[in-house]
Amino acid sequence: MILGIMGGMGPAATCDLFRKIIDSTHASKDQDHIHIVIDSNAQIPDRTQYILGGGQDPKIELIRSLIRLEMLGADYIAMPCNTAHFFYDYIKRYTKAYLINMIGETAAFLKFTKPDVGDFLLLATEGTYISGIYKKIFKEYGLNIIEPDDADKKVVMSWIYKVKSGKFDVSPAEFECLVKKYIDDKYIPIILGCTELPLLAEQIGVPEEYIDPVLILARRCVELAEKDKEKF
């Protein structure tokens, strides 16, 4: 099995997925790891700007990345960008490889591991919120997505763009203050629904428990690779 990573959205998030796949793999030597090819295509236009109506269409570059990865032999492809999943149904038609749906994998994982929890607070890009991709997929699993108000959505968006530019000047107190408005002393898990947010949480030491779709995706990639090995 060859796994393709459709990267560049952003480059640091691509590295984060690669690292988490390595960390999730049970390996005692190099040869135990997954064969991975990465296309870190940082020229893919901003997904949120397009969804908001003010940017270039990213579909052409997304499809080019898919085709490049398939030509490099990828049997499975992981796309570590939540917002890009708005285009999932459209772009998957352009590859014979299996394009893993990170949001679908996250919903399935939470339904299985947290059967008594129905509500989840989503922190994401404005594009992800407007697209409704989390709400749509989570509803299929009987799960409910809670979103911050418009002002706080812009705050989260500013955090994301700071991380993309290499800045992590958000304090744990700022993070905690924002999420506390919505969990209201209830057990409502927080989904870090943008691949830059787990990087931020790790860097600043966020005290709250959170769900990392990138880690869920990484573990799913490893699981698929292990199942593939069992065939032989």
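The values are calculated or read from the model by the stated rules, or taken from the named source; none is laboratory data. This structure is a prediction, so every number in the text was calculated from the model and none was measured. Neighbour counts run over all protein chains shown; Cβ positions are idealised from the backbone, glycine included. We work out accessible area using only protein heavy atoms, side chains counted, and drop any ligands, DNA or RNA first. Shrake-Rupley method; radii C 1.70, N 1.55, O 1.52, S 1.80 Å.
Restricting ASP39, ASP16, ASP57, ASP23 to those that are among the charged types (D, E, K, R), touching a residue at least 60 places away in the same chain (Cβ under 8 Å) and farther than 17 Å from GLU226 by Cα reduces the list to ASP16.
For region 178-193, the condition holds for at least one residue, the condition being that it is in contact (Cβ under 8 Å) with a residue 40 or more places away in the chain, among the small types (Gly, Ala, Ser) and surrounded by 20 or more Cβ atoms within 10 Å (Cβ to Cβ).
Cβ-Cβ contacts under 6 Å between residues 6 or more apart (or on different chains), taken from a first residue in region 210-232 that is within 13 Å of ARG19 (Cβ to Cβ) to a second residue that is at pLDDT 90 or above and not in a helix (DSSP H, G or I), are listed as ASP212/LEU192; VAL214/PRO80; VAL214/THR195; LEU217/ALA78; CYS221/LEU3; CYS221/ALA78; VAL222/THR25. Among the residues making up region 60-73, those that are surrounded by 13 or more Cβ atoms within 10 Å (Cβ to Cβ), among the aliphatic types (A, V, I, L, M) and either without any contact (Cβ under 8 Å) to a residue 24 or more places away in the chain or within 16 Å of MET9 (Cα to Cα) (or both) are LEU62, ILE63, LEU66, LEU69. Scanning region 25-49 for residues that are among the hydroxyl-bearing types (Ser, Thr, Tyr) and surrounded by fewer than 19 Cβ atoms within 10 Å (Cβ to Cβ) gives THR25, SER28, SER40.
Only a single criterion out of (1) out of contact with any Ser or Thr (no Cβ under 7 Å at 6 or more places or on another chain); (2) outside any helix (DSSP H, G or I) is not satisfied by ASP152, namely (2). Regarding region 203-219, can at least one residue be identified that is over 22 Å from ASP116 (Cβ atoms) and open to solvent by 50 Å² or more (accessible area, probe 1.4 Å)? Scanning region 203-219 turns up at least one residue that is over 22 Å from ASP116 (Cβ atoms) and open to solvent by 50 Å² or more (accessible area, probe 1.4 Å).
Considering only residues in region 103-123 that are within 18 Å of the chain's Cα centre (by Cα) and farther than 19 Å from ASP89 by Cβ, the one that is surrounded by the fewest Cβ atoms within 10 Å (Cβ to Cβ) turns out to be LYS111.
The single condition among (1) modelled with pLDDT of 95 or more; (2) surrounded by fewer than 16 Cβ atoms within 10 Å (Cβ to Cβ); (3) small (Gly, Ala, Ser) that GLY55 does not satisfy is (1). Looking at the structure I just gave you, is ALA173 among the hydrophobic types (A, V, I, L, M, F, W, C) and at pLDDT 95 or above? For ALA173, the condition - among the hydrophobic types (A, V, I, L, M, F, W, C) and at pLDDT 95 or above - is not met.
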